[in-house]
Amino acid sequence: MGSRSSQVKKSKQRAIAGTAEVSRRSSVSNAPKTAVFSLEPWDKYSAVMLCILLGALVFMQGGYYASTTLIIGALGCAALVPLLVKRRPGSCASAAVLAGIGVLTFTSFFVNERGISSLAYGFSWFSLAAFALFPAMMSAAARRWVLRLLTWVAVASAAIGVLVFSGALLVEGAVTAGRLHFPFEYANASGIWFASWYVYVLSTSGAGRPLHPTACLLIIGLLLTMSVGAICCWIGGCAACCLWCDKCSRVPRIRIMLIDVLLGVCAFLLCRTFPPFAPLWALLALTIRWRCESFLTSVEVPTRRFRALRVVGVGVVIIALVLIAAIVVSPRFEEALGTFTERLIQMNDAAVLLVGTPVWGVGPDGWEDAYRFIQSESYTAATVHCSYLQIALDAGLPALIVLLGFVLWSWLKLVQQRSRGVAVAAAVMVLHAAFDFDLHFSALFTLLIVFLSLGLPPGSSRRTALEMRTMHESRGGEAAARPRSRQGALLPMGITVLALMTSACGLGAEYVMASVREAAAEGDVSKVESALQLPGTAHDEDLETLSMEALLHAGAFDQVAWYADCDRVDNAEQALLAATAMIMLDKEEEAERVLDMEIMREPFHDDLRAAKRELMRGRRVT
C-alpha cells in the first residue's frame with residue numbers, strides 16, 4: 001500500500017509539473033506577440049525612433065562629444081514633430097527638469113563670461129530634454145517594448161566588442177592595455193553600460209519568463225572592460241535582484257545568474273588567454289547557455305539532485321571568481337585603488353572650487369580651464385570623475401539639487417509601482433555616476449531617463465484626448481477640459497523648438513571653432529582675427545590661444561611675445577607659445593622667466609615642466 005500510494009503521489013506531481021510547464025511555454029510564447037501587436041502605430045514609431053537615436057549615440061562614442069549630441073538631438077527634434085500632432089504626452093517632468101538645467105547652464109555661461117568654445121557643451125542639455133520626450137509620449141506597453149529593443153542594442157554592442165577584442169574588427173582606441181573600451185572608447189563607461197543592462201535583464205526574468213537568450217554576452221563584455229567599479233556595481237545589482245525583486249521567482253533567477261556568471265567568467269578567461277579566438281569562446285558560451293534554457297526557467301521545487309547541482313554550481317562559480325581575481329583582477333584592482341584615491345582628490349578640489357561660486361558654478365567646461373590652478377596633487381582630468389560635482393560646476397548647486405530631487409522622486413515612483421527591477425538597474429547607474437563621469441555620455445544619461453520614466457504617467461493618443469474632451473463637454477466641463485489639453489501640448493512643443501534652436505546655435509559655434517583651428521594651423525591670421533570680433537568671444541581663452549598659434553605660424557614673433565610682455569598669458573599653452581616666440585627672438589632668459597611664472601601658477605602641471613625642458617634643451621642643442 002505504501003509503495004502504491006507513493007507511486008500515485010509521484011504521478012500526480014509529474015502531471016502538475018507538466019501542466020505548469022505547458023502553461024509556462026504558452027504564456028512565454030504568446031505574451032510578447034500580444035504586447036507588440038496591441039501597440040498603436042505611433043506608439044511603435046516613437047519606440048523605434050528612440051531605439052535608433054540611442055543606438056546612434058551608443059556607437060558614436062556614447063555621445064561624449066557635444067557636437068554628436070547636438071546632431072542626434074536635431075534629428076530627434078525632427079522625429080518628434082509628428083508625435084506632437086498624433087500623441088498626447090504623459091508626464092514631461094524629466095524633459096522639463098533637463099531643459100531647466102539647460103537654462104541654468106546657459107545663465108552660468110553668461111555669468112562666468114565663458115567663450116563660444118564651451119557653448120555647444122552647455123546646449124547639449126536641451127538635446128537630452130528632447131530625448132526625454134520620447135518615453136513621455138509612449139504608452140506603458142510601448143515603454144516596455146522599447147526596453148526589449150534596446151536590450152538587443154546592448155547585446156549587439158557586446159558582440160561587436162568581442163569581435164573588436166579579438167582583432168577581427170579594427171576600431172581605433174577600442175582596446176587599450178588589454179581592456180575593452182568599446183563602444184564608448186572609455187572602459188568604465190562601457191562597463192556600466194553592460195552592467196546596468198544585465199541587471200535589468202536579470203530582474204525581468206524568473207518563473208515563466210526566460211532570460212534574454214544572449215544575455216551572457218553582456219557579462220563577457222563587462223568583464224573584458226575590467227572596470228572594477230562597474231563589476232562591483234553589477235555584483236550588488238545582481239544580489240539586489242535575487243533578494244528584493246519578485247520573491248516567487250527567486251529560485252529560477254538564482255539559477256540564471258549562476259549559469260550566466262559561470263559561462264561568462266570562463267569565456268572571459270579564455271578570451272584573455274587566447275584573444276584571437278574570442279568570438280569562438282563567446283559562441284561556445286551562448287550554445288551551452290541555450291542548452292540550459294529548460295533548467296533555468298523550471299518552476300518545480302528543486303529535488304535533492306537539483307539542490308546538489310546548485311551547490312556544485314555555486315562552488316564552481318566561486319572557484320572561477322577566485323581564479324579571475326588571482327589571474328587578472330589583482331593587478332587591475334591595485335591600479336583601480338590608486339585611481340579611486342586620485343578621484344577622491346579630484347572631488348575635494350572640485351568641492352573647493354565650487355565653494356567659491358556655489359550658485360552659478362564656473363560655467364560649462366570651466367573645470368578644464370580652472371583645475372590646474374587649484375589642484376592639490378598631480379593629475380590630469382578634463383572632467384571631474386564625479387558626474388554630480390561636474391553638473392554643479394557647470395550649472396551651479398541649484399541645478400544639481402533639482403536633478404537629484406527628480407531622480408529620487410521618480411525612483412520612489414518605480415518602487416511604489418513594484419518596478420523594482422528597473423529601480424535596481426537605475427540605482428546601479430546612479431551609484432556608479434558618483435565616482436565617474438558617466439552622465440557626461442549622452443547615451444548613458446538617456447538610458448537613465450528611460451529607466452526612470454517607467455514610473456511616470458504614460459502618454460496617450462490624440463483620439464483618446466478628444467474623446468475625453470467630448471465627454472467633459474457633455475458634462476458641462478468645457479472650460480476645464482480645453483485649457484488642460486492645450487497646456488499639455490505647449491510644454492513638449494516649446495522644449496522641441498528650444499532644443500532645435502540650441503542645436504543649430506551649438507553646431508554653428510562648433511563649426512566656427514573648427515574653421516578657426518584649421519586657419520591657425522595654416523597661419524591665416526586674418527581669419528582668426530575675424531572670429532575674435534564675433535559676439536561672445538571677448539574672453540575666450542581658446543580663441544586667444546589659436547590667435548597666438550596663427551601668429552607664430554605666420555612668423556609674427558613680436559606680436560606673440562607681446563602677450564607675455566603685457567601679462568596676458570592665461571594658461572600653459574599660451575605660455576609655451578610666448579616662450580617659443582621669445583626663443584626665436586633670441587630672448588632665452590625672458591622665455592624661461594615666462595615658463596617659470598606659469599609653473600608657479602600651476603605647480604602640479606607635469607606636462608608643462610616636461611615641455612619646458614624639451615624646449616630649452618632643443619634651443620641649447622641648436
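Condition check ((1) in a helix (DSSP H, G or I); (2) modelled with pLDDT under 90; (3) farther than 30 Å from TRP125 by Cα; (4) not assigned by the TED database to the domain that holds MET600) across all residues:
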{"position": "ALA489", "(1), (2), (3), (4)": "yes, yes, no, yes"}
{"position": "VAL528", "(1), (2), (3), (4)": "yes, yes, no, no"}
{"position": "ALA575", "(1), (2), (3), (4)": "yes, no, yes, no"}
{"position": "ALA578", "(1), (2), (3), (4)": "yes, no, yes, no"}
*asked:* One residue is enough: does the range 428-435 have a residue meeting the conditions aromatic (Phe, Trp, Tyr) and modelled with pLDDT under 95?
replied: yes
*asked:* Anything in the range 490-504 that is touching a residue at least 12 places away in the same chain (Cβ under 8 Å) and open to solvent by less than 70 Å² (accessible area, probe 1.4 Å)? List them, or say none.
replied: PRO492, ILE495, THR496, LEU498, ALA499, THR502, SER503, ALA504
*Of the numbered conditions (1) open to solvent by 90 Å² or more (accessible area, probe 1.4 Å); (2) assigned to a loop (DSSP other than H, G, I, E, B); (3) among the polar types (S, T, N, Q), GLN559 satisfies every one except a single condition; which is it?*
(2)
_LEU337 - would you say it is among the aliphatic types (A, V, I, L, M), buried (at least 18 other Cβ atoms within 10 Å of the Cβ) and within 22 Å of VAL430 (Cα to Cα)?_
no
*Could you give every pair whose Cβ atoms fall below 6 Å, whose first residue belongs to the range 580-603 and is on the phi > 0 side of the Ramachandran plot, and whose second residue is surrounded by fewer than 20 Cβ atoms within 10 Å (Cβ to Cβ) and of a type outside the set (D, E, K, R), counting only separations of at least 6 or pairs across chains?*
none
*Filter the range 86-95 down to the residues that are hydrophobic (A, V, I, L, M, F, W, C) and buried (at least 20 other Cβ atoms within 10 Å of the Cβ), then identify the one that is farthest from ALA142 (Cα to Cα).*
ALA95
*Filter the range 107-125 for residues that are open to solvent by less than 10 Å² (accessible area, probe 1.4 Å) and either under 25 Å from LEU414 (Cβ atoms) or in a helix (DSSP H, G or I) (or both) and give the result.*
SER108, SER118, ALA120, GLY122
*Looking at the range 382-399, which of the residues that are buried (at least 23 other Cβ atoms within 10 Å of the Cβ) and more than 21 Å from ALA336 (Cβ to Cβ) is farthest from the chain's Cα centre (by Cα)?*
GLY396
*asked:* Looking at VAL569 and the list (1) buried (at least 19 other Cβ atoms within 10 Å of the Cβ); (2) of a type outside the set (Phe, Trp, Tyr); (3) part of a helix (DSSP H, G or I), which single condition is not satisfied?
replied: (3)
*Is it the case that some residue within the range 34-50 is at pLDDT 90 or above and outside any helix (DSSP H, G or I)?*
no
_Looking at the range 219-239, I want the residues that are over 19 Å from ALA159 (Cβ atoms) and have a partner that is open to solvent by 20 Å² or more (accessible area, probe 1.4 Å) and among the aromatic types (Phe, Trp, Tyr) with Cβ atoms under 8 Å, at least 6 apart or on another chain. Which pairs are those?_
VAL228/PHE333; GLY229/PHE340; GLY229/PHE435
*the range 354-365 residues that are open to solvent by less than 20 Å² (accessible area, probe 1.4 Å), paired with ones that are of a type in the set (S, T, N, Q) (beta carbon under 8 Å, 6 or more apart)*: GLY361/SER108; GLY361/ASN112; GLY363/SER108; GLY363/ASN112; GLY363/SER118; PRO364/THR105; PRO364/SER108; PRO364/SER118
*Taking the stated definitions as given, is VAL415 over 17 Å from HIS432 (Cα atoms) and surrounded by fewer than 19 Cβ atoms within 10 Å (Cβ to Cβ)?*
yes
*Within the range 64-85, count every residue that is crowded, with 20+ Cβ neighbours inside 10 Å and not in a helix (DSSP H, G or I).*
1
*the range 156-184: number of residues that are touching a Phe, Trp or Tyr at 6+ places or on another chain (Cβ under 8 Å), in a helix (DSSP H, G or I) and among the aliphatic types (A, V, I, L, M)*: 3
*Can you confirm whether the range 441-461 contains a residue that is open to solvent by 30 Å² or more (accessible area, probe 1.4 Å), assigned to a helix (DSSP H, G or I) and either modelled with pLDDT of 95 or more or under 22 Å from GLY76 (Cβ atoms) (or both)?*
no
_Unmet requirement for PRO210, which otherwise passes all of (1) modelled with pLDDT of 90 or more; (2) over 22 Å from HIS385 (Cα atoms); (3) surrounded by fewer than 20 Cβ atoms within 10 Å (Cβ to Cβ)_ = (1)
*Can you tell me which residue in the range 591-613 is farthest from the chain's Cα centre (by Cα), limited to those that are among the acidic types (Asp, Glu) and buried (at least 17 other Cβ atoms within 10 Å of the Cβ)?*
GLU592
*Hits in the range 258-279 (condition: exposed (fewer than 15 other Cβ atoms within 10 Å of the Cβ), in a helix (DSSP H, G or I) and at pLDDT 90 or above)*: PRO276, PHE277
*Output the qualifying pairs, or none if there are none: Cβ atoms under 6 angstrom, residues six or more apart or on different chains, first residue in the range 389-414 and charged (D, E, K, R), second residue open to solvent by less than 10 Å² (accessible area, probe 1.4 Å) and assigned to a helix (DSSP H, G or I).*
ASP394/THR105
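The values are calculated or read from the model by the stated rules, or taken from the named source; none is laboratory data. Just so it is clear, the model here is predicted, and its values are computed rather than measured. Note that each Cβ is placed from the backbone with ideal geometry, even for glycine, and that neighbours are counted across all protein chains shown. Quick note on the areas: whole protein, heavy atoms, side chains included, nothing else; ligands and nucleic acids left out. Shrake-Rupley method; radii C 1.70, N 1.55, O 1.52, S 1.80 Å.
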